[in-house]
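Below is one structure, written out as structure tokens; comments come after it.
The values are calculated or read from the model by the stated rules, or taken from the named source; none is laboratory data. Note that the coordinates shown come from a computational prediction; the quantities given were computed from them, not determined experimentally. With ideal geometry, Cβ positions are generated from the backbone for all residues, glycine too; neighbour counts draw on all protein chains shown.
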Amino acid sequence: MQTINQIYIDGAFVTPHGTETIDIFNPTTGTPLVRATLADAEDTRRAIHAAKRALPAFSRTTVSERVAMLNRLHNEVLARGEELRDATIREYGAPVSRATWISQFAAQSFRDAAATLEAYDFSRVAGSSTVLMEPVGVAALITPWNSTTGSICSKLAMAIAAGCTSVIKPSEFSPIQNRIVTEAIHAARLPAGVVNILTGRGDIVGTELSTHPDIAKISFTGSTAVGKIIQRAATDTIKRVHLALGGKSPSIILDDADLAKAVPLALNAAFMNNGQACIAGTRLLVPAHRLEEVITIVKETVALMKVGDPAEPATVIGPLANRSQYERIQQYIRLGLAEGATLITGGEGHPAGLDAGYFVKPTVFVNVRNDMRIAREEIFGPVLSILAYGSEEEAIDMANDTVFGLHAYVMSSDPARAKAVATRLQAGRVMINTLQHDPLAPFGGYKQSGVGREYGVLGLESYLEAKTLLGV
């Protein structure tokens, strides 16, 4: 069992003041994997002080200096790609294809931020005035367990590009991944205090970051429930708060779609990252007159999806991250049955032969109404609800009938028609006949799926403040 008992403050690995430990279990086997010592409020204050002390000099660095730092960060994270991939598989249970993508995305985040930075004009004219875009200050970056490496790197990349120093609170459920990323950051030789990393609990480290007067901005990715807590906590000090929260994303298959292509695409959207994705398309809206065709293809496609060891290349769905997640999904499957939905594949319990870890059966319900809890709440596992609609207008109304608005998917053989539908969906991103990611385009949600945007120019500007100079 591995032991991790250091945090990163002011450019050095240090022993935390905190003494609480957490044990993480391998989700594939259920056996102990790592024990980590967690930071506490005093550690957090030390990290904030280090970031505040480093801010004046770092905020005055040139674009070329920050681009050089971003390139070094890219190189160091990229050099640890295989190590990060393997840690993501062992600690989180991501299939190897997903784990590989995440490690590559994490490294590329720094290159993308560098490209955005080089093209950005920090000074512009507005009326007769000059507007300067300046770093907001010390940023708190709070990242989730379902995308540890990618979230740390993408948030940090934009903070560095803007000239902000930061205190990062990664999930305490990802200590191995946190350690590897921290080692890469340390090897990139940034000035002391520019980046500080504390593995700790949200109700301790997160609370201190959310209330401390020297934190100017919070960037949080996680559940809507926790996002609301952070936003309330940040009110007294009027922090800039960016929230990337949960979703209940609709996938709309229009009546002209090629079902042989559209249904597998929709299933991949629902079950990506073992279903543990805020952008997962967990509501599948299909034309009522084609429902039986869809059901047939769903059954055939899910039957071919390998559930098993995430290290095996053929695996599509690995285990859930921990026992709590496993129990959560079982409860939602039981709830779906109790609400009157019809189970067409999957169900309660472990898949055959996979009793040791936190594996669940990929589960699909039909005869789901939009007022059922399984159609309204973020389940965060491989559970899909199929809803039938009568008209395109009804499909759009159903898709928008949710408190969330993070993501949506539209499948059609007519791109122009699909685009017309996409423009009417209340979602921060809509994917049309694809699951591709664009790291230079804004990412964020409508309604209770978040506030603000990440990536590209809008992501950079979320770490900047506008100062207007008049009379010059």
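Can you name the residue in the stretch 222-264 that is more than 22 Å from the chain's Cα centre (by Cα) and among the hydroxyl-bearing types (Ser, Thr, Tyr) and is also nearest to residue 396 (Cα to Cα) among such residues?
Narrowing the stretch 222-264 to residues more than 22 Å from the chain's Cα centre (by Cα): 235-238, 252-264.
Subset that is among the hydroxyl-bearing types (Ser, Thr, Tyr): 235, 237.
Values: 235: 35, 237: 40 Å.
Among them, the one singled out is 235.
Got at least one residue in the stretch 63-71 being farther than 30 Å from residue 467 by Cβ, outside the structural domain of residue 272 (by TED's automatic domain parsing) and crowded, with 18+ Cβ neighbours inside 10 Å? Looking for residues that are farther than 30 Å from residue 467 by Cβ, outside the structural domain of residue 272 (by TED's automatic domain parsing) and crowded, with 18+ Cβ neighbours inside 10 Å, one finds none in the stretch 63-71, hence no.
Report yes if some residue within the stretch 205-220 is closer than 24 Å to residue 459 by Cβ and among the aromatic types (Phe, Trp, Tyr); otherwise report no. Break it down stepwise before answering.
We begin by selecting, within the stretch 205-220, every residue closer than 24 Å to residue 459 by Cβ; these are 205-206, 209-210, 212, 214-220.
Checking the rest, the ones that are also among the aromatic types (Phe, Trp, Tyr) come to 220.
Checked against the condition, which is being closer than 24 Å to residue 459 by Cβ and among the aromatic types (Phe, Trp, Tyr), the stretch 205-220 yields at least one hit.
Please work out if residue 35 is in the same structural domain as residue 109 (by TED's automatic domain parsing), without any contact (Cβ under 8 Å) to a residue 40 or more places away in the chain and not in a helix (DSSP H, G or I).
Numbers: in the same structural domain as residue 109 (by TED's automatic domain parsing): yes; without any contact (Cβ under 8 Å) to a residue 40 or more places away in the chain: yes; not in a helix (DSSP H, G or I): yes.
Taking the combined requirement at face value, the residue satisfies it.
Surrounded by fewer than 19 Cβ atoms within 10 Å (Cβ to Cβ), out of contact with any Phe, Trp or Tyr (no Cβ under 7 Å at 6 or more places or on another chain) and modelled with pLDDT under 95: is that true of residue 311 in this structure? It would help to see each step written out before you state the result.
Numbers: surrounded by fewer than 19 Cβ atoms within 10 Å (Cβ to Cβ): yes; out of contact with any Phe, Trp or Tyr (no Cβ under 7 Å at 6 or more places or on another chain): yes; modelled with pLDDT under 95: no.
In short, no.
Taking strands (runs of 3 or more DSSP E) as the structural unit, those lying wholly within the stretch 153-248 and holding at least 1 residues that are assigned by TED's automatic domain parsing to the domain that holds residue 67 and surrounded by fewer than 20 Cβ atoms within 10 Å (Cβ to Cβ) correspond to 240-244. Return yes when residue 282 is under 23 Å from residue 252 (Cα atoms), in the same structural domain as residue 353 (by TED's automatic domain parsing) and either in contact with a His (Cβ under 8 Å, 6 or more places away or on another chain) or in contact (Cβ under 8 Å) with a residue 24 or more places away in the chain (or both) and no when it is not. It is true that residue 282 is under 23 Å from residue 252 (Cα atoms), in the same structural domain as residue 353 (by TED's automatic domain parsing) and either in contact with a His (Cβ under 8 Å, 6 or more places away or on another chain) or in contact (Cβ under 8 Å) with a residue 24 or more places away in the chain (or both). Kindly indicate whether any position in the stretch 255-263 is touching a helix residue (DSSP H, G or I) at 6+ places or on another chain (Cβ under 6 Å), under 24 Å from residue 146 (Cβ atoms) and either assigned by TED's automatic domain parsing to the domain that holds residue 403 or of a type outside the set (Phe, Trp, Tyr) (or both). No, the stretch 255-263 has no match at all.
For the stretch 131-152, filtering for residues that are in a strand (DSSP E or B) and over 18 Å from residue 183 (Cα atoms) leaves 8.
On the given criteria, is residue 272 assigned by TED's automatic domain parsing to the domain that holds residue 396, within 22 Å of the chain's Cα centre (by Cα) and either farther than 18 Å from residue 389 by Cα or free of Cβ contacts under 8 Å to residues at least 12 places away in the same chain (or both)?
Details: assigned by TED's automatic domain parsing to the domain that holds residue 396: yes; within 22 Å of the chain's Cα centre (by Cα): yes; either farther than 18 Å from residue 389 by Cα or free of Cβ contacts under 8 Å to residues at least 12 places away in the same chain (or both): yes.
For residue 272, the condition - assigned by TED's automatic domain parsing to the domain that holds residue 396, within 22 Å of the chain's Cα centre (by Cα) and either farther than 18 Å from residue 389 by Cα or free of Cβ contacts under 8 Å to residues at least 12 places away in the same chain (or both) - is met.
Exactly one residue out of 328, 334, 323 is within 23 Å of the chain's Cα centre (by Cα), free of Cβ contacts under 8 Å to residues at least 60 places away in the same chain and surrounded by fewer than 24 Cβ atoms within 10 Å (Cβ to Cβ), and it is 328. Every condition in (1) without any contact (Cβ under 8 Å) to a residue 60 or more places away in the chain; (2) assigned by TED's automatic domain parsing to the domain that holds residue 225 is met by residue 461 except one, and the failing one is (1). Among the residues of the stretch 103-136, those identified as more than 18 Å from residue 62 (Cα to Cα) and buried (at least 22 other Cβ atoms within 10 Å of the Cβ) are 103, 106, 107, 109.
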